[in-house]
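Visitor: My structure is below; once you've seen it, I'll send some questions.
The values are calculated or read from the model by the stated rules, or taken from the named source; none is laboratory data. As the structure is a computational prediction, the values presented were derived from the model and not from experiment. Counting neighbours? That spans all protein chains shown, and the Cβs are built from the backbone with ideal geometry, glycine included. Surface areas here come from the heavy atoms of the whole protein model, side chains and all, with no ligands, DNA or RNA. Shrake-Rupley method; radii C 1.70, N 1.55, O 1.52, S 1.80 Å.
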Amino acid sequence: MKRIFITGALGQIGTELVAKCREIYGNDNVLATDIREPEAGSIVAEGPFEILDVTDADKMEQLIADFKPDTMMHMAALLSATAEQKPLLAWNLNMGGLVNALEAARKYDLQFFTPSSIGAFGPNTPKKNTPQVTIQRPNTMYGVNKVSGELLCDYYFTKFGVDTRSVRFPGLISYIKEPGGGTTDYAVDIYFQAVREGKYTSYIDRGTYMDMMFMDDAIDAIIKLMEADGGKLINRNAYNLSAMSIEPEMVKAAIQEHDPNFTVDYDVDPVRQGIAESWPDSIDTSCARGEWGFDPKYDLTAMTKRMLEGIREKENQKA
Ligand code: AKB
């Protein structure tokens with residue numbers, strides 16, 4: 001039975017990760033932390049919760065000393081588009097928070113997870129079927145943070161024996177909690193706008209392929225990786241993950257299967273488009289599949305059905 005300390009618990013991944021970990025390991029065995037208070041009705045507030053700014057190493061260690069976890073899942077970070085607008089803040093938060101978290105994991109002997117991203121690749125990386133081990137020279141602050149983070153996690157593993165594990169997440173799609181500040185966010189927004197307005201204006205251009213995955217598969221992947229036999233993990237920091245390589249016209253067509261009147265037009269944002277074009281079109285996930293059994297369940301059709309049903313239900317509850 002794990003006892004887990006989670007940072008960034010109110011973010012897009014954190015919200016569903018906390019809920020799933022509490023379901024598996026018990027409410028009282030998961031301490032959720034975030035820099036802000038949960039909103040009224042948030043599922044994160046249904047168990048132990050503490051305010052934590054991850055750049056505050058003393059408070060982080062105090063909370064860990066009190067809660068006595070055996071596992072840390074460090075999710076707090078700025079995403080790619082925000083990091084590009086505020087590069088220094090991104091460096092301080094993404095790297096400062098990670099160093100504090102790794103140091104706490106070292107001192108308190110915690111198993112450790114933090115996500116990397118397809119943002120760890122750059123314009124010189126092979127674009128199609130991007131290998132697990134390849135050129136990583138990103139040209140974004142987020143990418144610089146993610147590559148540095150992968151190296152730092154490997155360093156803590158080899159130098160100090162901290163059981164660090166990580167994945168390179170693609171864009172994650174969910175109706176529970178909307179993301180903020182990412183490049184792949186269009187693939188979430190499009191579903192919300194389809195239900196609310198019947199139309200969507202995309203800031204990512206047609207024909208721009210990026211990897212994506214439904215949130216249920218992402219959460220299952222984290223749990224599976226953390227439960228995996230460490231002796232089998234060759235590429236522990238960090239595994240390529242993806243369930244589909246898609247572009248806006250494909251999402252439009254999938255939504256039109258449910259709502260033939262749905263329309264998409266384009267008003268391309270040069271910053272986010274530039275980031276998207278520097279990332280792979282599709283990545284090779286064979287190491288994750290082979291080393292610990294990564295096996296996503298949702299393709300574009302199944303995910304579209306769940307997204308539309310889930311958002312409609314939420315909108316009906318509001319009405
Ligand atoms: C982003 O778009 O910044 C994230 C990511 C792929 O890491 N969703």
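Visitor: Calculate, for Glu61 and Phe160, the FRET efficiency according to 1/(1 + (r/R0)^6) with r their C-beta to C-beta distance and R0 25 Å; round to the nearest 0.05.
Guide: Computed FRET efficiency for Glu61 and Phe160: 0.95.
Visitor: Further, regarding this structure: Could you tell me the largest-minus-smallest coordinate of the C-alpha atoms of the stretch 123-271 on each of the three principal axes, in descending order and whole angstroms?
Guide: Each principal axis gives a Cα extent; for the stretch 123-271 these are 56, 32, 25 Å.
Visitor: Sticking with this one: Which entries in the list Lys127/Lys305; Lys20/Lys318; Lys59/Lys297; Lys224/Lys318 go over 32 Å, if you measure between the two C-alpha atoms of each?
Guide: Distance filter (> 32 Å) returns Lys59/Lys297; Lys224/Lys318.
Visitor: Could you give the distance between the Cα centres of the stretch 22-81 and the stretch 196-236, to the whole Å?
Guide: 22
Visitor: Between the stretch 240-298 and the stretch 112-172, what's the alpha-carbon centroid distance in Å?
Guide: 19
Visitor: Within the accessible area of the chain, what % is carbon and sulfur when the probe is 1.4 Å and the other protein chains stay in place?
Guide: Carbon with sulfur: 49 percent of the solvent-accessible area.
Visitor: Enter the accessible area per residue of the chain (Å², integer; probe 1.4 Å; all protein chains in place).
Guide: Spelled out: the 1.4 Å probe surface of the chain, per residue, equals 42 Å².
Visitor: I've got another one for you. How big is the Cα convex hull of the stretch 238-319 in projection, averaged over all directions, in nm²? Provide the component values of the computation, followed by the final result.
Guide: Working: hull surface 31.6 nm².
Projected over every direction and averaged, the Cα hull of the stretch 238-319 covers 7.9 nm².
Visitor: Same structure, new question: Which value in nm describes the separation of the simple spin-label points at Glu103 and Asn316, placed 7 Å from the Cα toward the beta carbon?
Guide: The two pseudo-label positions are separated by 5.1 nm.
Visitor: Any chance you could get the radius of gyration and Dmax over the Cα atoms of the chain, in Å?
Guide: In order Rg, Dmax, the Cα atoms of the chain give 18.8, 57 Å.
Visitor: May I ask you to compute the full-extension gain from Arg36 to Gln85, defined as 0.36 nm times their residue separation minus their alpha-carbon distance, rounded to one decimal in nm? Could the numbers behind the result be given before it?
Guide: Details: separation 49, 0.36 × 49 = 17.64 nm, distance 2.15 nm.
In short, 15.5 nm is gained.
Visitor: Hull surface divided by four, with the convex hull built on the Cα atoms of the stretch 209-264: how many nm²?
Guide: The Cα convex hull of the stretch 209-264, projected and averaged over all directions, gives 5.0 nm².
Visitor: With springs only between Cα atoms under 10 Å, which of Pro115, Pro179, Pro131 fluctuates most in a Gaussian network model of the chain?
Guide: Highest fluctuation among the options: Pro131.
Visitor: Taking GluC sites (Glu not before Pro) as candidate sites, keep only those in a DSSP loop with at most 16 other Cβ atoms within 10 Å, then name the longest stretch of the chain containing none of them.
Guide: 40-196
Visitor: Separate question: Quote the convex hull volume per residue of the stretch 126-194, based on C-alpha atoms, as a whole number of Å³.
Guide: 135
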